[in-house]
Every structure is written in C-alpha cells, then in structure tokens.
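To start, the structure itself, in structure tokens.
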Amino acid sequence: MITRLNLTDPALAERVLEIQHAAYAVEAALIGFDGIPPLQEDLAGLMASTEHWLGRYDGETLVGAVAYEIEPGVVEISRLIVDPAYARRGHGRALLDHLEELEPRPISRVSTGSLNTPAVNLYTSRGYRVRSRIEVAPGVEITQFERP
C-alpha cells in the first residue's frame, strides 16, 4: 500500500528518518562519500521539510518513501528511500510509478550518486535519461536524470 505521509507525526517521522539514514548509508558506501545531506539530517530537520511525501507499506511496516516537490510542469524527486532490509523487492519502482500516476507532469527529475548502480539502474529502467553530471566533492559525482 502507498499513501501520503504527514511528517508532523513524530513516530512516523522517526521511522522515515530511520529508513533514510539506513538507505543513505548504503549509498554512502557505494559512492565512497558520507557527506550526503539526508544522511546528516536530524528529526527536527525532517519534520520541518516542506516536501510532499508518499510512503510504501509492507503490511503495517513502512518500508520506503519518496519525497518530491512540484514546479510548473515538473516534479522534482528529492529523496527515494527504501529500508535496506526490504530492498530489491520493487518498493522503489512502485513508489516511482505511483508518484507518476498521482502527479503527472511533462518532466520528472531525480539525481543520485553516479556510482550508486542500483539507483542508476532503477531510474534508467523507468525511462530517465542522464541530464548532467556534477562533481560535488573531489572524486564524488552526482548524476542528474530527467524523464520527459
């Protein structure tokens, strides 16, 4: 089940933060860089987020979430997180597909560490194409994707 999340609920926000830290710790290991901003975020910062959130549940357990912002004609995915214990089971794909149905826009954008092969493969399999690559730290590159 996928539903909208309200991160003003402290218990829910704590679970999202737990998933976020675990998911970004995996990405940090893959790309060799632990300076990823969501990895450093605390509960107050997450609860103050102005992003829209959708959550994916496996039974009663929140296993993943997607955060996004809307601009005219564009949906910008700012975070896609899946609990590593539930990874590789289609939860990320389901969140992307649900977001596309819920917020159809001519353009969808997302970015990830260029060495995060699972995320790169997920985005390219969903029709995203490389828009640009940016070095964010010495030897650390982010790939920005766009899907028309």
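A short reminder: the numbers here are calculations on the coordinates, not readings from a lab. Small disclaimer: the values here were computed from a predicted structure and weren't measured. Note that each Cβ is placed from the backbone with ideal geometry, even for glycine, and that neighbours are counted across all protein chains shown.
Report the extension gain between H21 and R88 in nm, rounded to one decimal, defined as 0.36 nm multiplied by the number of residues separating them, less their alpha carbon distance.
So the extension gain works out to 22.4 nm.
Tally Lys and Arg at +1 and Asp and Glu at -1 over the other residues with C-beta under 10 Å from the C-beta of E51: what net charge comes out?
-1
Please give the calculated 222 nm ellipticity per residue for the chain, where each DSSP H segment of at least 4 residues contributes -39500 (n - 2.57) and the sum is spread over every residue; nearest 500 deg cm²/dmol?
-10500 deg cm²/dmol
Taking the Cα centre of each part, how many Å lie between region 76-117 and region 1-20?
Each part reduced to its Cα centre gives a spacing of 16 Å.
From the backbone phi of region 53-68, what are the Karplus-calculated ³J(HN,Hα) couplings (6.51 cos²θ - 1.76 cosθ + 1.60, θ = phi - 60°) in whole Hz, Gly and Pro given as x?
10, 10, x, 10, 10, 10, x, 8, 9, 6, 10, x, 7, 10, 10, 8
Let a ≥ b ≥ c be the square roots of the eigenvalues of the Cα gyration tensor of region 70-148; is it rounded (a/c under 1.5), or, if not, prolate (a/b larger than b/c) or oblate?
oblate
Obtain the radius of gyration and the Kirkwood radius of the chain from its C-alpha atoms and give Rg over Rh.
Values: Rg = 14.5 Å, Rh = 15.5 Å.
Computed over Cα atoms, the ratio is 0.93.
Tell me, what HN-Hα J-couplings in whole Hz come from the Karplus equation 6.51 cos²θ - 1.76 cosθ + 1.60 at θ = phi - 60° for each residue of region 8-22, using x for Gly and Pro?
Calculated HN-Hα couplings, in order: 7, 7, x, 5, 5, 4, 4, 5, 4, 5, 4, 5, 4, 4, 5 Hz.
Please give the charge dipole size of region 77-132, origin at the Cα centre, charges +1 on K and R Cβ atoms and -1 on D and E Cβ atoms. Round to the nearest 20 debye.
The dipole magnitude comes to about 220 debye.
Compare the Cα positions of P84, A13, T117 along the charge dipole of the chain (+1 at Cβ of Lys, Arg; -1 at Cβ of Asp, Glu; about the Cα centre) and return the one farthest towards the positive end.
Result: T117, furthest along the dipole toward the positive end.
Net charge within 14 Å of I107 by Cβ-Cβ distance, Lys/Arg positive one each and Asp/Glu negative one each, not counting I107 itself? Working shown, then result.
Details: positive: R105, R109, R126, R129, R131, R147; negative: E69, E71, E76, E100, E103, E146.
Net local charge, I107 excluded: 0.
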